[in-house]
Amino acid sequence: MSEAAAGEAVVRGQRVRMQPDERREQLIDIGVRMLATRPLEELSIDALADEAGISRGLLYHYFANKTEFHVAVVKKLSEDLYLITAPISDDDPLTQLRLSLDAYVSYVVENHSTYLALVRAVSTGIPEMVQIYRDAREALVVRLFDRMPQLAAEGIVDTPAARLLAHSWAVFVEDLVLAWIADDAGLSRDGLLDKLTGVLAVLLTS
């Protein structure tokens, strides 16, 4: 397939010319979908080329190597998770937190293998991967404290100690949700969400 052909997509039976950035984003989206059936380390350039229907050599026009492709895919995962858990109402902050946690749990349940790729990115030792994971967690904590006027009404004050506790809570949430998916130990989904919300409230107000 020629480079020109690689920059086209079929829309309603007609080929539509795509800009290089658009094509790259399309390939990243394909990579994200492929994580549903294989771990990140098995997400090869060859597999992507087969899935996208283009030559292996042409993929290097968009990604310098496999690591760059993996970094792009993991970054996309973190961005998707941030959007999915965004506040969706003007309810009080703890109610909104529960809604965001509900969205988070749904995402992890429905995209378990894909989410594990984000979690395991840290273990690769690749600096860019580690930074993406840390940035993703930091963004979630920052968003929580962005609602300080409402949080203050709940007795929560934005301090370095509070942010440290919130980061630790985020680690706890990830670990507990993954463990709950593997074995719920009789804990209902509503019970899980209540506990996760309540733990943060206790941490930040005590």
key: Additional length obtainable on full extension of the chain from LYS66 to VAL171, 0.36 nm per residue less Cα span   = 34.9 nm
key: Carbon + sulfur, % of accessible area of the chain - ligands and nucleic acids excluded, 1.4 Å   = 54 percent
query = Using the Cβ atoms and a cut-off under 12 Å, what net charge is assigned to the surroundings of GLU68, where Lys and Arg are +1 and Asp and Glu are -1?
reply = +2
key: Rg(Cα) / (2.2 N^0.38 Å) computed for the chain, rounded to two decimals   = 1.20
request  = Check cross-link reach from LYS76 to the aspartates and glutamates: straight Cα distance under 12 Å, and skip same-chain residues fewer than eight apart.
outcome  = GLU25, ASP29
ask   = Just how much of LEU140 is accessible, in Å², when a 1.4 Å probe is used and the result is rounded to the nearest 10?
value = 70 Å²
request  = Report, in degrees rounded to the nearest 10, the 0 to 90 angle that the Cα long axis of helix 127-145 makes with the longest principal axis of the chain.
outcome  = 40 degrees
task = Could you please report the charge total around LEU196, scoring K, R as +1 and D, E as -1 over all other residues with beta-carbon less than 10 angstrom from its beta-carbon?
result = 0
inquiry  = Quick check: the angle from helix 66-84's long axis to the longest principal axis of the chain, C-alpha only, nearest 10 degrees?
reply    = 40 degrees
task = Provide the descending list of Cα extents for the stretch 50-152 along its principal axes, expressed in whole angstroms.
result = 55, 26, 22
task = Find the relative contact order for the chain and round it to a whole percent, using C-alpha pairs within less than 8 Å whose residues are 6+ positions apart.
result = 18 percent
FRET efficiency, 1/(1 + (r/R0)^6) with R0 30 Å, evaluated for ALA152 and GLN26 via beta carbons = 0.10
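The values are calculated or read from the model by the stated rules, or taken from the named source; none is laboratory data. Predicted model only: the values in this text are computed from it and were never measured. No Cβ is skipped: glycine too gets one built from the backbone with ideal geometry, and neighbour counts run over all protein chains shown. Please note that ligands, DNA and RNA were not included when accessible areas were found on the heavy atoms of the full protein model with its side chains. Shrake-Rupley method; radii C 1.70, N 1.55, O 1.52, S 1.80 Å.
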